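The values are calculated or read from the model by the stated rules, or taken from the named source; none is laboratory data. Treat the numbers as computed from the prediction; the structure is a model and nothing was measured. Positions of Cβ are generated from backbone atoms using ideal geometry, with glycine treated the same way; all protein chains shown enter the neighbour counts. The protein model used for the area step is the full one, side chains on, heavy atoms only, and it has no ligands, DNA or RNA in it. Shrake-Rupley method; radii C 1.70, N 1.55, O 1.52, S 1.80 Å.
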Amino acid sequence: MGEFKDDREMKALRNFREALHRFQDAMNAVEDLSAFAEEHAPEDIKKESFEITLSAPAVDDLPTDKIQAANAALFEFFSSVAKTVPPDGEKGLNGQEKEQLRASGQSLVKKMMADLAAASTEDFDAGHYAIKLMHMHKKRNRLEVLRSSLLTTAVGDFEVLFSAIVGMYFFLRPEALMTKEAQFSWQEIQEFESLGDLRKFHAQRQVDQLMWKGLDDWVDWLEKRLKIPFSQIALNADTVREVFQRRHVIVHNGGKVSRQYLAKVHHQDSRELNVGATLSVDAAYLTTALDELYSLGVLMAANVADRLFKRPDVRSVIHDRLRTDLMNRCMKGGRWKVAARLSSTYVNMFDTAAAKTEMQINCWLARKRCDGVDSIRKEVQGWDVSSLREDFKLARLLLLEQYESAFPLARSLGERGELQPNEYRHGPLYEGLRAWAKEQGLTSSFTEVNASAMAEIAEIAEEEIGKGKSGEVES
């Protein structure tokens, strides 16, 4: 039975890695596309505008001077609105400024109505003429349209990951399928060649039924089945819920606030919204939403894996993936809030003392970058490194910005090959030390060692090419 369970873990590991990789790649692609669009989109698609068409038909029985007066009233109104209303409308205005803007709008409307009334006669209703005549089309900011689409894509990517996680759960815990609620007709049973096939069908049906539900039901499932509370995997629970509800109104309600949105969202930014208000997706909102979704997905996957996988070698593979992702995407990408959240979770999740210590260092570094060195000083000063490896002693000095003591230790570790050149030159932990050394006019041994190694590689390559062995590999 033990070997059977081990074999299941190896099969599940492949599916887990594929699902997590897909989610991470998809989220990176959304971010890359968003960044490219923000940088390269033409200015004319970044603005929201009104497209107004006025056409005066040549009708003999309508007074030409009255038509011209009505047209003039409309043009004057929209020209005044364009000058009065800020590009973002009421967004960013305080309460008094909003009231002043609304009062100005009402004043402009009253003037237009008065001008149209002045252009009217017993035989010609200028107001009715204006309504029939005018075609006004609001052109949305097309970059905002793209962001809305990217948001729905990102939420969909999370849903794909969640579906895979639920499927993995039933694969590793088939006993969870043995419920009294499970019912099959004789016709359904006859369609399967084996009990195993029926079990797979039942598992997939459980996944499909859960996916038809929403975030709240998924959160309940994680807590009941695996004892994973929402607070353990969300950066900000209220913000995450708002992201899912905004995606819902974008897809199902044309981006307009619904009663369901107001009932389910408790985020502070939604308190002043009314039913029918437009929900936009600006660059700042999309960035925050992507951070929330990414953290939610990765932390969910990590916590589920921590509870389901028991083999040390399998857990090691998963931890390596999580560690690499934390460094390359979050820390080197400057996503310090996300990095702090992930690393604080990994401290208690990783199995070895060294891995836990490395995660704690990452957590301190991320918190320092978010809130300053004083936010971690007391904890790091209380960290006893007397019996630990020298690279941990170096990390303590770097976190406390004691660069004068850190530099000779870093040089020594580099000369012994215990600190890699790329880690020193590009690692976020060493950023402050690099800047300090540059100010002091100090150079490390890494540049010289790297140059020597590259020269040696180049010499070997040239020699092999000269022998015509560029396509051969000797054992």
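Which of the peptides 120-131, 422-433 is most tightly packed, and how do the rest follow, judged by the mean count of other Cβ atoms within 10 Å per residue?
Values: 120-131: 14.3, 422-433: 16.6.
The packing order, highest mean first, is 422-433, 120-131.
What the pair-distance distribution of the range 319-388 shows, using all Cα-Cα distances binned every 5 Å from zero, is 3, 18, 28, 24, 17, 9, 1 percent. Taking all protein chains together and a 1.4 Å probe, the residues Met10, Met359 rank Met10, Met359 from largest to smallest accessible area.
Given the whole protein assembly as supplied and a 1.4 Å probe, what does the accessible area of Cys363 come to in Å², nearest 10? Approximately 10 Å² for this residue. Heavy-atom accessible area with a 1.4 Å probe sorts His319, His252, largest first, into His252, His319.
How charged is the neighbourhood of Phe230? Take every other residue with its Cβ under 10 Å from the Cβ of Phe230, and add Lys/Arg as +1 and Asp/Glu as -1. Surrounding charge for Phe230 is -2. Rg/Rh for the range 202-353 (Cα atoms only, Rh after Kirkwood) is 1.02. Rolling a 1.4 Å probe over the protein heavy atoms of the range 344-423, with every protein chain left in place, gives an accessible area that is 44 percent carbon and sulfur.
Sorted largest first by accessible area at a 1.4 angstrom probe radius, with every protein chain in place, the residues Lys110, Lys11, Lys213 fall in the order Lys110, Lys213, Lys11.
Once the Cα-Cα distance is subtracted from the 0.36 nm per residue extended length, the Ala35 to Ala114 segment shows a gain of 23.7 nm.
Extending 7 Å from Cα along the Cβ direction at Asp351 and again at Gln260 yields two label points whose distance is 4.4 nm. Dipole check for the range 214-289: with +1 at the C-beta of Lys and Arg, -1 at the C-beta of Asp and Glu, and the Cα centre as origin, the magnitude is about 180 Debye.
Here the ratio of the Cα radius of gyration of the range 235-312 to 2.2 N^0.38 Å is 1.34.
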